[in-house]
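Worksheet: one structure, shown below.
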Amino acid sequence: MERMSEFEVKRATSLTEAVAWLAADPRARLLAGGTDLVPNLRRGIERTPILVDLGGVRGMSDIALTDTGLTLGARVTLARLAADASIARQYPALAEAARAIAGPGHRSVATLGGNLCLDTRCVFYNQSEWWRAANRYCLKRGGDVCHVAPQGQRCHAAFSGDLAPALLVLGAEVELVSSRGTRRAPLAELYRDDGAAHLTLARDEVLVCLRVPAGRPGLRCGYRKARTRAAMDFPLAGVACALTLQGGVLAELHVAITGTNSNPFLLAGCDEFVGRRVDAELLALLGKRVQKQVSPMRSTVTPSNYRRLVAAALTQRLVSELAEPL
């Protein structure tokens with residue numbers, strides 16, 4: 001790690017104050033847990049004159065579970081998500097995803113909002129300043145060539161947050177605040193498939209909270225992740241599934257994937273499996289569908305096709321597990 005460039009920390013006491021500071025300087029960055037941002041600052045990947053600390057903004061660390069659903073402040077830590085018994089009981093995919101992230105020390109400070117807004121990753125990007133300079137930087141920062149796909153004109157860095165797929169299959173919405181007011185949107189609209197600019201957030205927008213609707217009767221959900229190391233590593237592929245069964249056949253099926261594309265995404269075409277039993281034929285078709293829609297590139301130390309096969313296998317195993325008789 002290198003010495004960080006100098007910056008000023010502004011400690012916001014309200015969302016209005018935080019938004020105003022973001023709007024005043026487009027180079028300003030938000031600080032919550034800092035587990036992703038601070039290493040990027042040390043590597044010279046991020047440079048900012050101002051960090052806007054959200055620690056003093058009231059309400060952003062609240063958890064509210066009611067009959068209509070779950071509301072999570074963006075500053076709720078991953079440790080709280082992983083340990084909350086009510087969340088584990090009613091939204092097991094969310095608790096499983098939180099437990100799969102990094103190590104206990106990271107989870108004690110890392111936040112929900114930070115994981116959802118995690119920067120995309122690539123072996124040619126997440127390096128020291130001198131390493132990146134020696135390789136003429138890359139399309140994502142400072143250069144004009146993507147070293148993963150030199151003939152193309154887009155960045156293929158992968159999104160590697162674990163919470164997004166779990167929240168996608170649960171139908172979560174985000175609440176965003178800016179100088180123009182407050183807006184809500186489906187979580188999927190927070191992302192675009194572009195490694196260099198994967199978030200649709202405006203420069204002065206703050207992710208305030210997540211709203212997850214109450215689970216349907218009989219809903220079963222889970223999250224599974226493959227990684228190079230058994231702990232403290234980003235996903236080579238991560239899969240969340242949510243399904244319900246009626247009379248032994250699928251009444252609904254939702255699958256979301258992370259770690260392979262530049263955005264977390266819902267698998268398209270899952271409604272075609274409704275009304276069918278979860279058997280070997282269905283799982284084979286589901287695996288092929290996953291392989292067609294994931295697009296891993298050479299952005300990790302692991303071969304791209306391996307990650308494609310892993311995503312398919314994780315999906316098949318999780319759906320089969322969730323469909324087993326209780």
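The values are calculated or read from the model by the stated rules, or taken from the named source; none is laboratory data. All values derive from a computational prediction rather than experimental measurement. Cβ: placed from backbone, ideal geometry, glycine included. Neighbour counts: every protein chain shown. Quick note on the areas: whole protein, heavy atoms, side chains included, nothing else; ligands and nucleic acids left out. Shrake-Rupley method; radii C 1.70, N 1.55, O 1.52, S 1.80 Å.
Kindly provide the set of residues from segment 1-39 that are polar (S, T, N, Q) and either modelled with pLDDT of 95 or more or in contact with a Pro (Cβ under 6 Å, 6 or more places away or on another chain) (or both), ordered by number. Give the steps one after another, and end with the answer.
Our first condition is that a residue be polar (S, T, N, Q); within segment 1-39, this holds for 5, 13-14, 16, 35.
THR13, SER14, THR16, THR35, listed by residue number.
Within segment 270-291, is there a residue that is open to solvent by less than 20 Å² (accessible area, probe 1.4 Å) and either in a loop (DSSP other than H, G, I, E, B) or aromatic (Phe, Trp, Tyr) (or both)? Show your work before the answer.
Quick first cut of segment 270-291, residues open to solvent by less than 20 Å² (accessible area, probe 1.4 Å) only: 270, 273, 282, 286-287, 290.
The next check asks that each one be either in a loop (DSSP other than H, G, I, E, B) or aromatic (Phe, Trp, Tyr) (or both); those that pass are 273.
Yes, segment 270-291 has at least one match.
Going residue by residue through segment 42-55, is there one that turns out to be open to solvent by less than 40 Å² (accessible area, probe 1.4 Å) and among the small types (Gly, Ala, Ser)?
yes
I'd like the residue in segment 193-206 that is under 22 Å from TRP21 (Cα atoms) and open to solvent by 30 Å² or more (accessible area, probe 1.4 Å) and, out of all such residues, is modelled with the lowest pLDDT.
Taking segment 193-206 as the starting set, the residues that turn out to be under 22 Å from TRP21 (Cα atoms) are 197, 199-206.
Still in the list and also open to solvent by 30 Å² or more (accessible area, probe 1.4 Å): 197, 199-203.
Values: ALA197: 96, LEU199: 98, THR200: 98, LEU201: 97, ALA202: 95, ARG203: 92.
The qualifying residue modelled with the lowest pLDDT is ARG203.
Can you tell me which residue among THR228, THR244, THR260 is polar (S, T, N, Q), in a strand (DSSP E or B) and on the phi < 0 side of the Ramachandran plot? Show your work before the answer.
On the way: THR228 fails: in a strand (DSSP E or B); THR260 fails: in a strand (DSSP E or B).
On inspection, the qualifying residue turns out to be THR244.
Being more than 29 Å from PRO217 (Cβ to Cβ) and open to solvent by less than 20 Å² (accessible area, probe 1.4 Å): is that true of SER304 here?
Details: more than 29 Å from PRO217 (Cβ to Cβ): yes; open to solvent by less than 20 Å² (accessible area, probe 1.4 Å): no.
In short, no.
Could you give me the residue pairs with C-beta distances under 7 Å whose first residue belongs to segment 307-319 and is in contact (Cβ under 8 Å) with a residue 24 or more places away in the chain and over 10 Å from GLN291 (Cβ atoms), whose second residue is among the β-branched types (Val, Ile, Thr) and surrounded by 24 or more Cβ atoms within 10 Å (Cβ to Cβ) wherever it lies, and which are 6+ apart or on separate chains?
ARG307/THR260; LEU314/VAL239; LEU318/VAL239
Out of segment 226-237, which residues are touching a helix residue (DSSP H, G or I) at 6+ places or on another chain (Cβ under 8 Å) and open to solvent by 40 Å² or more (accessible area, probe 1.4 Å)? I'd like the intermediate steps shown before the answer.
Narrowing segment 226-237 to residues touching a helix residue (DSSP H, G or I) at 6+ places or on another chain (Cβ under 8 Å): 226, 232, 236-237.
Answer for segment 226-237, where residues must be touching a helix residue (DSSP H, G or I) at 6+ places or on another chain (Cβ under 8 Å) and open to solvent by 40 Å² or more (accessible area, probe 1.4 Å): just MET232.
To keep it simple, each residue is scored yes or no on (1) out of contact with any strand residue (DSSP E or B) (no Cβ under 9 Å at 6 or more places or on another chain); (2) more than 24 Å from ARG224 (Cα to Cα); (3) open to solvent by 50 Å² or more (accessible area, probe 1.4 Å); (4) in a strand (DSSP E or B).
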{"position": "LEU70", "(1), (2), (3), (4)": "no, no, no, yes"}
{"position": "ALA79", "(1), (2), (3), (4)": "yes, no, no, no"}
{"position": "ARG89", "(1), (2), (3), (4)": "yes, no, yes, no"}
{"position": "ARG136", "(1), (2), (3), (4)": "no, yes, yes, no"}
{"position": "CYS146", "(1), (2), (3), (4)": "no, yes, no, no"}
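Can we say THR111 is among the polar types (S, T, N, Q) and under 14 Å from the mean Cα position of the chain (by Cα)?
Details: among the polar types (S, T, N, Q): yes; under 14 Å from the mean Cα position of the chain (by Cα): yes.
In short, yes.
Identify the residue in segment 77-122 that is of a type in the set (Ser, Thr, Tyr) and in contact (Cβ under 8 Å) with a residue 40 or more places away in the chain and, among all such residues, is nearest to ARG192 (Cα to Cα). So that I can check it myself, show each step before the final result.
Within segment 77-122, the first condition is being of a type in the set (Ser, Thr, Tyr), and the residues that meet it are 77, 86, 91, 108, 111, 120.
Pick out the ones that are also in contact (Cβ under 8 Å) with a residue 40 or more places away in the chain and you get 77, 91, 111, 120.
Working: THR77: 25, TYR91: 26, THR111: 21, THR120: 11 Å.
Checked segment 77-122; the qualifying residue nearest to ARG192 (Cα to Cα) is THR120.
Look at segment 91-134 and say how many of its residues are surrounded by fewer than 19 Cβ atoms within 10 Å (Cβ to Cβ) and small (Gly, Ala, Ser).
7
If ARG183 satisfies every condition in (1) assigned to a loop (DSSP other than H, G, I, E, B); (2) free of Cβ contacts under 8 Å to residues at least 12 places away in the same chain but one, which is the exception?
(1)
Go through LEU190, LEU253 for me and flag whichever is modelled with pLDDT of 95 or more, out of contact with any Phe, Trp or Tyr (no Cβ under 7 Å at 6 or more places or on another chain) and open to solvent by less than 30 Å² (accessible area, probe 1.4 Å).
Working: LEU253 fails: out of contact with any Phe, Trp or Tyr (no Cβ under 7 Å at 6 or more places or on another chain).
Answer to the check: LEU190.
Cβ-Cβ under 6 Å, sequence separation 6+ or interchain: first residue in segment 202-216 and of a type in the set (A, V, I, L, M, F, W, C), partner part of a loop (DSSP other than H, G, I, E, B) and open to solvent by less than 50 Å² (accessible area, probe 1.4 Å). Which pairs?
Taking only residues 6 or more apart or on different chains, the pairs are LEU207/ALA74; VAL208/ALA74; CYS209/ALA74; LEU210/ALA172; VAL212/LEU170; VAL212/ALA172.
Quick check, is ASP233 among the acidic types (Asp, Glu) and either modelled with pLDDT of 95 or more or over 18 Å from the mean Cα position of the chain (by Cα) (or both)? Show your work before the answer.
Details: among the acidic types (Asp, Glu): yes; either modelled with pLDDT of 95 or more or over 18 Å from the mean Cα position of the chain (by Cα) (or both): no.
Against the criterion (among the acidic types (Asp, Glu) and either modelled with pLDDT of 95 or more or over 18 Å from the mean Cα position of the chain (by Cα) (or both)), ASP233 does not qualify.
Checking LEU170 against (1) at pLDDT 95 or above; (2) on the phi > 0 side of the Ramachandran plot, only one condition comes out false. Which one?
(2)
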